[in-house]
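First the structure, in the form of structure tokens, and then the observations on it.
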Amino acid sequence: MSAGNPALSKVNDAGAHHHRPTLCLVRHAKAGSRERWTEDDRDRPLTARGHKQAQLLAEYILGHVGGPSRILSSPAVRCRETLAPLAGESGLGIAEADWLDEGSPAEEAFDRLRTLTLELDGASGTGCPVTACTHGDVLWGILDLLVGDGADLGESADAPKGGLWVFEFRQKKPPSASFFLPAVGS
């Protein structure tokens, strides 16, 4: 395994991760122009830059957080393509979730993601993180709800395309938060 952030993940002798229940929340990587796209917006793909971001996100998640237990995505092509390298490298499929689609209620997405994270990556520390990809509107809504739960997103919280928020759910404490944005040249 790559060197990781010990605050996010610790590896035992057998290679299993032991950590707090963790949610990796991704805003889809850079996609083609909405204004120039003439087909159904759900079918709008990533750009070459977006594909590079997607690969770097997969490498970061696997190297710093750990392999996921579940990969969830909005049905939009750009979201599924963002998680495709992670799915390929981890050997998992991508489960589509309509409640992660653009325009979906953030409250529902947050409740489902938190519940799934606590079920699949529970207090025993033997599970693996849940990774989900969504759109800016849903992501911002979830970030607002996490702040309402006491999460500290820092002075200048952002949710750019291709950005990753990692949340650890802790007993009787607000979720901890960290952010990663893949550095991709233009």
From L113, L86, L139, residue being farther than 18 Å from K30 by Cβ and within 15 Å of the chain's Cα centre (by Cα) = L113
For I142, indicate whether it is within 20 Å of P182 (Cα to Cα) and in contact (Cβ under 8 Å) with a residue 60 or more places away in the chain.
-> no
In region 137-177, what count of residues is obtained for those that are part of a strand (DSSP E or B) and under 18 Å from L118 (Cα atoms)?
-> 11
Tell me which of these E108 doesn't satisfy, since it passes every other one: (1) part of a helix (DSSP H, G or I); (2) at pLDDT below 95; (3) surrounded by fewer than 20 Cβ atoms within 10 Å (Cβ to Cβ).
-> (2)
Using the structure shown, decide if G88 is over 26 Å from Q171 (Cβ atoms), in contact (Cβ under 8 Å) with a residue 60 or more places away in the chain, of a type outside the set (D, E, K, R) and in a helix (DSSP H, G or I).
-> no
Can you spot a residue in region 121-136 that is within 20 Å of Q53 (Cα to Cα), assigned to a loop (DSSP other than H, G, I, E, B) and of a type in the set (V, I, T)?
-> no
Test: S33 is within 26 Å of V147 (Cα to Cα) and over 15 Å from the mean Cα position of the chain (by Cα) | no
In the list G88, G141, G163, G185, which residue meets the criterion of being surrounded by 16 or more Cβ atoms within 10 Å (Cβ to Cβ), out of contact with any strand residue (DSSP E or B) (no Cβ under 9 Å at 6 or more places or on another chain) and not basic (K, R)?
-> G141
In region 63-85, which residues are free of Cβ contacts under 8 Å to residues at least 40 places away in the same chain and not hydrophobic (A, V, I, L, M, F, W, C)?
-> P75, P85
Just one of (1) within 24 Å of F167 (Cβ to Cβ); (2) β-branched (V, I, T); (3) modelled with pLDDT under 95 trips up T38, so point out which.
-> (1)
Consider A29 carefully, then state whether it is part of a loop (DSSP other than H, G, I, E, B), modelled with pLDDT of 95 or more and crowded, with 19+ Cβ neighbours inside 10 Å.
-> yes
Yes/no for T38 being surrounded by fewer than 22 Cβ atoms within 10 Å (Cβ to Cβ), in contact (Cβ under 8 Å) with a residue 12 or more places away in the chain, among the β-branched types (V, I, T) and farther than 21 Å from W140 by Cβ | no
Would you tally the residues in region 48-67 being in a loop (DSSP other than H, G, I, E, B) and either crowded, with 22+ Cβ neighbours inside 10 Å or modelled with pLDDT of 95 or more (or both)?
-> 1
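The values are calculated or read from the model by the stated rules, or taken from the named source; none is laboratory data. Bear in mind that the values here come from a model prediction, so they are computed numbers and not experimental data. Every residue, glycine as well, gets a Cβ built from its backbone with ideal geometry; the counts of neighbours run over all protein chains shown.
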